[in-house]
Amino acid sequence: MTLARFDRTVTDHEGNVVAGATVTVRVEIPGLPLAPLYADREGATPAGNPIATDASGDFGFFAAGGYYQIEVVNGADSKTLRYVGIGLAQGSDTVVTGTTEREVVDPGTVIVADDDADVILINKTVGEATRVVYPLSASSTKKRRTVDRKYDAATNNITIVPSRPSTVTVTIAAPAVFTKAAHGRAVDNPISFETTGALPTGLAADVQYYVKTVPTADTFTVSETPGGAAINTSGSQSGVHTMGTDTIMGQAKYVIDSSGGSIELLPLDDGTGWV
């Protein structure tokens, strides 16, 4: 089994760390039984219960997802925390009734289809970044959650990006001119890019840009900010470049940067992205 991690530092009323305090963890169910605690994510090494804070006042453990009561006792002083959520969904590792889930364990990019599961669980066994590509919001009708099921942001490093389905070319020039037949973009519209190779100097993948000018129905220039200066490009480029106009939380990407973190996103009614 894979367990969730909980860590806390105990301090006194003056903010000094408290070493050697006794920490008792109970499950928030009738009878308040002692919770099984472990020293590892796989649950192979029991940690005991109660446990004690170390010389820095810290304590931590792995446990199954759920709600817990945590009591800290230091001499005559005590503090009890009730209904502390640990694990997926802050209280249960069970997916909410009526939803579907898909667990991802293989390396590489994760493509979320229009008819995909409600919950995408990233539980890879390899130490590389994960790129999750959401479908176009205009064709989506339900909210979706992406979860770091590995509880290890250093392993997963999950970046959520919108679909960028349109092939585009760009000149090495001042300013750089992009070409996409009947692109339909207007001044100040957000836009972002990715590539199978390398973008020219002056541009970066997964960065939010804005349409600066529209010389023709098939061409446009971009700026870093609405109304800003047109971007110039230099150097060389390679591969196939693609563009998209959807946003994730108003930007070109969203990064899940906390261990065990997750985000639930809903497609905007106007088809401009996910929030």
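Overview of results
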{"read-out": "Over the chain, relative contact order from alpha-carbon pairs under 8 Å, at least 6 apart, %", "value": "15 percent"}
{"read-out": "Max mean-square fluctuation residue, GNM over the chain, Cα-Cα springs under 10 Å, options R26, R82, R164", "value": "R82"}
{"read-out": "Antiparallel content of DSSP bridges confined to the chain, in %, to 5", "value": "75 percent"}
{"read-out": "Highest-MSF residue in the chain out of A64, A19, A117 [GNM, Cα springs under 10 Å]", "value": "A19"}
{"read-out": "Other-chain or far-sequence residues with amide H under 5 Å of V168's (modelled H)", "value": "H241, T242, M243"}
{"read-out": "Gap separating the Cα centres of the range 2-49 and the range 226-261, nearest whole Å", "value": "41 Å"}
{"read-out": "For the range 161-171, Karplus couplings with θ = phi - 60° (6.51, -1.76, 1.60), whole Hz, Gly/Pro x", "value": "10, x, 4, 10, x, 9, 5, 9, 10, 9, 8"}
{"read-out": "Ellipticity estimate at 222 nm from DSSP helix runs (n ≥ 4, -39,500 (n - 2.57)) divided over the chain, nearest 500", "value": "0 deg cm²/dmol"}
{"read-out": "Peptides ranked, highest mean first, by Cβ atoms within 10 Å: ranges 190-200, 35-45", "value": "190-200, 35-45"}
{"read-out": "Residue with peak Gaussian network fluctuation, the chain [Cα springs, cutoff 10 Å], from G57, G15, G85", "value": "G15"}
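Values quoted throughout were computed directly from the atomic coordinates according to the rules given, and no laboratory measurement underlies them. As the structure is a prediction and not an experimental result, all values here were calculated from the model. Cβ: placed from backbone, ideal geometry, glycine included. Neighbour counts: every protein chain shown.
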